[in-house]
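Working notes, beginning with the structure itself.
What follows is calculated from the coordinates using simple rules that are stated; it is not laboratory data. On a predicted model such as this, the values are computed, not experimentally measured, just so you know. Don't worry about glycine lacking a Cβ; one is built from the backbone with ideal geometry, like all the others, and counts go over all protein chains shown.
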Amino acid sequence: MKLLITVIIYALFIAYLLGAVLYFIGNKSGKKQALSTASLMVKIGLVLNIAALIVRTMIAGRLPLANSGEFTLWFTVVTVALYLYYEAKAKMREAGGAVMLISALLVGSIIVLMKGQLGEATPLMPALKSPWLTIHVLTAAVAYACFALAAGLAIMQLAKAETKITDEIIHRIVAGGFVMLSLTIVFGAVWAEQAWGSYWSWDPKETWALITWIIYALYLHLHRRLGWKGKTASKMVIAGFVLVLFTFFGVNYLLSGLHSYA
Amino acid sequence: MEILKKVYRYLSSMKTGLVLLVLVGSAAAVGSAFLPDVFFNTWLFKLLLIILSVNMVLCTANRFILLKSRLKKNRNKWFREIGNLLLHAGIVFILAGLLVYAFYGQNGQIAIRTGDTVDVSQIIALKEPFSLRLDDFKVEYNEDGSPSQYNSYVTVLESGITKDDAVISVNHPLNYRGVKFYQQSYGYLIKTKYTNDTGSEVEELIKEGNFIKPEGTERTVKVFRYIPNFDPNHGMVTKTMRPDNPRIIFSVYEDKQLIGVGAAQFDERVEIDENVYVVFPAVEPYTILKVKSDPGLPLAFWGGGMFMIGVTMALLAAPSQGKKTESIDSNREMR
Ligand code: HEM
């Protein structure tokens, strides 16, 4: 089992990375062949990602919702699923390279930073035994995935002179992510109230989630009310995702707090 | 009058709100990185939150007043309008809840030993006082020896009469008439048997790290720590929390000089000096509960609910801005 999950994670990393490279090549050269192979790689990756979650569930003997390795698997599985949905719906493959590179790097972070987390059977500590954990983590995964997808689109929109990626689509995805992040924060507060007896304690993870939420709230207001569109708006979406990554990695590895086990 | 109007306009504008949000965000970032333990309690930060609340109250109230005429103008947008209103009002409720807690909330901590009763009104002010008795404290373990749950079995008493009983565990607080009790921590007192300076044999409960002075010797003994699962390879730290190999770590001093350290089993007779013995028959756990009364909690709770529903209505369920909504954007009220 331990070997199995290691193999799956490496294969997953390669599938996503290959997908990214093929998307970049295909978009640059306009070769349809490369682009459809890229899509295929991503679909294989998605299956591997789901397999990783199933194997992890078997190893842990519980739903994999607790440590950062487990969360990263949810993060990428939703990002990639959303991306594939977007690709099918918008019939555009322009953002594939950026989104898959982000996903590959996230899986890479499991290999580099979270070694051994997925191979060991680690029971939940008492504070994590709550139905609110499930809903808090799953909404967070969807929120982060939306922001990753939006950032991927925004990067490609900035990088290319001519693009079919519109502000409208980026705005919609950010709006979806914002709703999910709002739910994540409220569910997290409800849970913190039950587990620790205070719903908001300015612990670093809470604080940085709030900061992330604020930047997207600004984006939504500026986008609609002041008509900030195009490059400035896209830069904000990318900055927002940098904050997402800091809330996830930076807080876990640089600042300490209640959440530091996750 | 003009000035007042201007101040009001400024305070209630959305632009000011956005500027305040940027300020709160930057302050929180700096605070969490450099002064995590104090910054969020400073007046500067609280003032910022209060100004933000005032701004949002005014802004939301204005939107509420204008709601009817806005709805007349754009019938197709009522869903989003209601959502927006709920979302902003929800945030205001949450901030109000926090404010009420800041003024009227109380919290404290109680440590109770099995069998003991604690008067809760000694910890926080209560209109109708009541007491809490700990009947039992049990830790459950996973297969690997890590704790899976801490349970405090308690009875609520009013003037000696039993009113309620409950099990308080992590994630399952007890709520008794608005006072909440949370399982926070626990510890052990170490039962220690020795002959004291009056010559009689006593059995005392010693707090970890405290000293005893047995009769018949100049030496003192520090009852250092209880280790549930002792393993020499782990040193002074327990291998797991489960009591698989319980030991009491103690040290012996003479003239303030450390002369020896030991790891005693329960009931083991430890010779401290010639014919002077100390025995540790058992340990007794005590529970540590957090006690809190927060009259602002219902406000925050309803605010959270309104906020979640509002955010979903305004952003997810509403159609995206298509051609139809252009007209609304052209009459933005950028007050
Ligand atoms: C504290 C965090 C805040 C959040 C999360 C938030 C969130 C939102 C959201 C999601 C929208 C809908 C945007 C859209 O329809 O695209 C919105 C709209 C709006 N917000 Fe806020 N807001 C916040 C603070 C404020 C403040 C402080 C004000 C001003 C006092 C304000 C005033 C407005 C106004 C006027 C709209 C109108 C949008 C419309 O007409 O469609 N908001 N806000």
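For the stretch A:179-229, a residue qualifies if it is touching a His at 6+ places or on another chain (Cβ under 7 Å), outside any loop (DSSP other than H, G, I, E, B) and facing chain B (nearest Cβ under 9 Å), and the qualifying residues are A:187, A:191. When residue A:218 is tested against the conditions (1) away from the ligand (no atom under 13 Å from the Cβ); (2) surrounded by fewer than 23 Cβ atoms within 10 Å (Cβ to Cβ), the lone failure is (1). One residue stands out among those in the stretch B:88-101 that are hydrophobic (A, V, I, L, M, F, W, C) and within 11 Å of chain A (Cβ to nearest Cβ): the one that is farthest from the ligand (Cβ to nearest atom), which is B:98. For the stretch B:155-184, taking the residues that are touching a residue at least 60 places away in the same chain (Cβ under 8 Å) and surrounded by 16 or more Cβ atoms within 10 Å (Cβ to Cβ), the one that is nearest to the other protein chains (Cβ to nearest Cβ) is identified as B:182.
If you check residue B:54 against the conditions, is it surrounded by 14 or more Cβ atoms within 10 Å (Cβ to Cβ), more than 14 Å from every other protein chain (Cβ to nearest Cβ) and without any contact (Cβ under 8 Å) to a residue 40 or more places away in the chain? First the steps, then the outcome.
Values: surrounded by 14 or more Cβ atoms within 10 Å (Cβ to Cβ): yes; more than 14 Å from every other protein chain (Cβ to nearest Cβ): yes; without any contact (Cβ under 8 Å) to a residue 40 or more places away in the chain: no.
Spelling it out, it is not the case that residue B:54 is surrounded by 14 or more Cβ atoms within 10 Å (Cβ to Cβ), more than 14 Å from every other protein chain (Cβ to nearest Cβ) and without any contact (Cβ under 8 Å) to a residue 40 or more places away in the chain.
Given the condition surrounded by fewer than 16 Cβ atoms within 10 Å (Cβ to Cβ) and touching a Phe, Trp or Tyr at 6+ places or on another chain (Cβ under 6 Å), answer yes or no: does some residue in the stretch B:212-224 qualify? Within the stretch B:212-224, not a single residue is surrounded by fewer than 16 Cβ atoms within 10 Å (Cβ to Cβ) and touching a Phe, Trp or Tyr at 6+ places or on another chain (Cβ under 6 Å). Residues in the stretch B:141-154 that are touching a residue at least 12 places away in the same chain (Cβ under 8 Å), within 12 Å of chain A (Cβ to nearest Cβ) and surrounded by 15 or more Cβ atoms within 10 Å (Cβ to Cβ): B:141, B:145, B:146, B:147, B:149, B:150, B:151. The condition of being within 15 Å of the ligand (Cβ to nearest atom), among the hydrophobic types (A, V, I, L, M, F, W, C) and in contact with an Asp or Glu (Cβ under 8 Å, 6 or more places away or on another chain) holds for only one of B:85, B:52, B:66, that being B:66. Only one entry of A:72, A:37, A:76, A:57 meets the criterion of being surrounded by fewer than 16 Cβ atoms within 10 Å (Cβ to Cβ) and β-branched (Val, Ile, Thr), and that entry is A:57.
Residue-by-condition table, conditions (1) more than 10 Å from every other protein chain (Cβ to nearest Cβ); (2) under 16 Å from the mean Cα position of the chain (by Cα); (3) within 30 Å of residue B:170 (Cβ to Cβ); (4) buried (at least 18 other Cβ atoms within 10 Å of the Cβ):
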{"site": "A:121", "(1), (2), (3), (4)": "no, no, yes, no"}
{"site": "A:128", "(1), (2), (3), (4)": "no, no, yes, yes"}
{"site": "A:138", "(1), (2), (3), (4)": "yes, yes, yes, yes"}
{"site": "A:143", "(1), (2), (3), (4)": "yes, yes, yes, yes"}
{"site": "A:156", "(1), (2), (3), (4)": "yes, no, no, yes"}
{"site": "A:162", "(1), (2), (3), (4)": "yes, no, no, no"}
{"site": "A:175", "(1), (2), (3), (4)": "no, yes, no, yes"}
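If we scan the stretch B:102-115, do we find a residue that is part of a helix (DSSP H, G or I), within 30 Å of residue B:162 (Cα to Cα), within 21 Å of the chain's Cα centre (by Cα) and within 14 Å of another protein chain (Cβ to nearest Cβ)? No: zero hits.
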